[in-house]
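To start, the structure itself, in structure tokens.
The values are calculated or read from the model by the stated rules, or taken from the named source; none is laboratory data. Quantities reported herein were computed from a predicted structural model and do not represent experimental measurements. Reconstructed Cβ throughout: ideal geometry from the backbone, glycine too, with neighbour counts over all protein chains shown.
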Number of protein chains: 2
Amino acid sequence: MSLDDVLSRIDADLPAATDRLIELLKIPSISTDPAFKEHCDAAADWLVADLQGLGIDAQKRPTPGHPMVVGHIDGPGPHLLFYGHYDVQPVDPLELWDRDPFDPEIQDTPNGKVIRARGASDDKGQLMTFVEACRAWKEVHGTLPCKLTFFFEGEEESGSPSLVPFMEENRDELKSDIALICDTGLFESKVTAITTMLRGLLGEDFTITGPDRDLHSGMYGGIGMNPIRVLTKILAGLHDDTGAITLPGFYDGVTELSDEMRAQWQGLNFDHQTFLGDVGLTAPAGEQDRTPLEQIWSRPTCDVNGIWGGYTGDGFKTVLPSQASAKVSFRLVGQQDPDAIRDAFRHYLESNLPDGFSVEYRTEKGSAASQMSVEDPAFEKARQALSDEWGIPAAYVGCGGSIPIAGFFKDIVDTDAMLIGFGKDDDQIHSPNEKYDMESFHKGIRSWARVLAALS
Amino acid sequence: MSLDDVLSRIDADLPAATDRLIELLKIPSISTDPAFKEHCDAAADWLVADLQGLGIDAQKRPTPGHPMVVGHIDGPGPHLLFYGHYDVQPVDPLELWDRDPFDPEIQDTPNGKVIRARGASDDKGQLMTFVEACRAWKEVHGTLPCKLTFFFEGEEESGSPSLVPFMEENRDELKSDIALICDTGLFESKVTAITTMLRGLLGEDFTITGPDRDLHSGMYGGIGMNPIRVLTKILAGLHDDTGAITLPGFYDGVTELSDEMRAQWQGLNFDHQTFLGDVGLTAPAGEQDRTPLEQIWSRPTCDVNGIWGGYTGDGFKTVLPSQASAKVSFRLVGQQDPDAIRDAFRHYLESNLPDGFSVEYRTEKGSAASQMSVEDPAFEKARQALSDEWGIPAAYVGCGGSIPIAGFFKDIVDTDAMLIGFGKDDDQIHSPNEKYDMESFHKGIRSWARVLAALS
């Protein structure tokens, strides 16, 4: 059977694949530091050459920043796009590294072999899992299983300033049936996961003004309404005693988990006590009738990310301040409408302002949640492929934060993203001594071969 | 009758008294600026000489800062102490003054004659009202009406660093039957007032810690309890919907106004709408069943004077912070016990912390309220004397803030203070173009003569 041949080829080629990854890792493509601009360029060149070696029509495409690498190859069946990024984080503090971050080494550790270098996990190692799967396929079959587009970015670690304009200018070229993204990890370092829910984000940054100047609490304390008192009352009223958010209509558009998804998540046996305990917390703070995983993946939130007002220096000043400010953000899920929630928040806030008080908003743009269409059979096929490789049922998971690239594919290119990655929690991405498990690399390549087979 | 002779003498001597005040005002005794140290000394010398001219045993008394002036003269009847301060505020911004702040001038204004100079009202003019009353008495009677101590400070405008140590070291010398203090004003610039209630102050400066590091709200939002949410809930719970403070036992020791005091305050026809409107506020924010004057004079308060936590810079950071902090203060009245209220606050705060949260306090010293013993007939005699002079019933009033010197007399020297002053709201103390109304000066001198007669 052809997949087995590809998997065998992958196994046999692992030393060479590792050598290729080491070559790529040696290029210090730190995107945020202009001193490394040529190295970013070199990494892009390396990838273009590597893709061309597979018969892919690959080119370096200029942007105002670091170049994109885009490659196409025609084929039968669906059109799949693969996204990764070839730039890496800076390496400081360098003295905390055990070796040169750009001199990769295979090391034995109690948990198995790892390849240690900056970018090993984020994202060069992950990116190469897909390229190596394609290489093995090509070598076994002489061709690739379907129409493919490769899309590599060189600015992911520095805010992706060129990404949206590039995607907008090349919308038609990048449109595909599904966008595969390899920049995430295994759930709890064990279970392969396809991220199918990404929460949206709405921010409100505002200042409440009461008296037109700072007052002395000796003269005005008691009779004068204190904006901090008003603000704390408003903010405290955003959650009820069960942890639910009280804004009228807030839960409109929040979808319930399907029974199947719920069962999958239960099967993950998420250890929320360790998750919280690792950062000094104990009990889950979200809606009491929701599981911990729902609280971070599929339920909307409201958090005050910043608050300030009055005197905050050393000692005491009995001031009754003129103003008090806060930054409040909402993580959104399902079909929640950022505009409607902004309206509801402002209505709630303003209806709780005393006479004569005013509020000024510094508006932040909101983004709705992304929810992938798991009814698309491709998702179930990919999940089965991952389960087959890892011997544990793979899971559809949520992601509490936003992964902008997934939203860009949806919003700009009208393509659903399928986020699959093999990173582990201890990969130390963005930190000294970054590594990628050889197991992640090897099984990652095999996983993509299986996914390609399943989707083609 | 002897008082009439004194009052006539005061009237006749007003031009000379004004000249003497002008002499004192010419000395730039700015206590906070070391460049004016010699001038502070000169002002103290001037006062020593002036008191000695009245036969008073006066001396300049050294401190680590500017000297005190203390003078004694024996006599019949009660022992009265008079306190004032000879130092003045800095004069900057100098360009906003219409003339040299230390070149006093009598000016005609639509509201009558004023003497304009730094310190005219705060406190040289007020201080001299008492000295001139004594001078007239001495000149008419050849002696003073009672045993008197004069106590002038030169650091009131720079935090009085030497005051408490000096009072502690000279406790016996300063102990008297009553301490007269002339550093306050007429109620709404019209009604002479004896301040008989000063609110105390208790501050709590604290930080709540939840997670042991700042968290990303994408990863932890929902499940992770946010210290700002905890803090706002705690602070919002300090007031109920009627404006009352909710801490158990908080109102223990709060005394109700006597019927007489309530009637007096009603008679003041306090215009709270203007009081609030002047600073951009509308409705009184204190307990709804209390009058505006009660809210600022005789009722305790709770205010958040400062709050901070999370990200407060430009833009947005979706941080779930490790900590949130606030400075909370309570104005205390009657017999409220600062220690008991601190305990109640801390108990309330700590019982509202989620499991695993902690709080750290940066303790501030608390001070109880001062309530003068108006049952002491001296108060009623003084009030009658003031009413006689001004032709309007004088009032016992409260003061929302603390006047430390009053508390020091009570706590250190075990002497009740009687605060009487003739400043007006538009005297522009601490601001450019400070002035003192000649009416305040003239009637102030006459008022003290009447008070001396009444108390002797």
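Below, the figures for the structure above:
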| item | result |
| --- | --- |
| Looking only at region A:24-75, and only at residues there that are in contact with a Ser or Thr (Cβ under 6 Å, 6 or more places away or on another chain) and among the hydrophobic types (A, V, I, L, M, F, W, C), the one that is farthest from A:LYS147 (Cα to Cα) | A:CYS40 |
| Qualifying residues in region B:286-306 (those that are aliphatic (A, V, I, L, M) and part of a helix (DSSP H, G or I)) - the one farthest from the other protein chains (Cβ to nearest Cβ) | B:LEU293 |
| Verdict on B:ALA449 being surrounded by fewer than 24 Cβ atoms within 10 Å (Cβ to Cβ), modelled with pLDDT of 95 or more and under 14 Å from B:ARG135 (Cα atoms) | no |
| Every residue from region B:229-256 that is of a type in the set (Asp, Glu), within 13 Å of chain A (Cβ to nearest Cβ) and in contact (Cβ under 8 Å) with a residue 24 or more places away in the chain | none |
| So A:PRO104, is it in the same structural domain as A:SER431 (by TED's automatic domain parsing), touching a residue at least 60 places away in the same chain (Cβ under 8 Å) and closer than 21 Å to A:ALA43 by Cα | yes |
| Residue within region A:133-152 that is under 25 Å from A:ASP411 (Cα atoms) and without any contact (Cβ under 8 Å) to a residue 12 or more places away in the chain present | no |
| Boolean, A:ALA344 is over 24 Å from the mean Cα position of the chain (by Cα), among the hydrophobic types (A, V, I, L, M, F, W, C) and surrounded by 15 or more Cβ atoms within 10 Å (Cβ to Cβ) | yes |
| Residues located in region A:13-41, provided they are among the small types (Gly, Ala, Ser) and either touching a His at 6+ places or on another chain (Cβ under 9 Å) or surrounded by 17 or more Cβ atoms within 10 Å (Cβ to Cβ) (or both) | A:ALA17, A:SER29, A:SER31 |
| Count of region A:354-407 residues which are more than 14 Å from chain B (Cβ to nearest Cβ), in a strand (DSSP E or B) and of a type in the set (Phe, Trp, Tyr) | 1 |
| Boolean, B:GLY237 is out of contact with any Pro (no Cβ under 6 Å at 6 or more places or on another chain), within 22 Å of A:GLY224 (Cα to Cα) and not assigned by TED's automatic domain parsing to the domain that holds B:ARG331 | no |
| Selection status of A:VAL397, closer than 20 Å to B:MET219 by Cβ and not assigned by TED's automatic domain parsing to the domain that holds A:SER189 | no |
| Pick from region B:62-83, criterion surrounded by fewer than 19 Cβ atoms within 10 Å (Cβ to Cβ) and in contact with a helix residue (DSSP H, G or I) (Cβ under 9 Å, 6 or more places away or on another chain), ranking: farthest from B:ILE445 (Cα to Cα) | B:PRO64 |
| Total residues in region A:212-228, condition under 26 Å from B:MET197 (Cα atoms), out of contact with any helix residue (DSSP H, G or I) (no Cβ under 6 Å at 6 or more places or on another chain) and not hydrophobic (A, V, I, L, M, F, W, C) | 8 |
| Residue tally, condition over 29 Å from A:ALA58 (Cβ atoms) and charged (D, E, K, R), over region A:173-193 | 2 |
| Of the criteria (1) touching an Asp or Glu at 6+ places or on another chain (Cβ under 6 Å); (2) over 25 Å from B:PRO338 (Cβ atoms), which one B:MET372 fails | (2) |
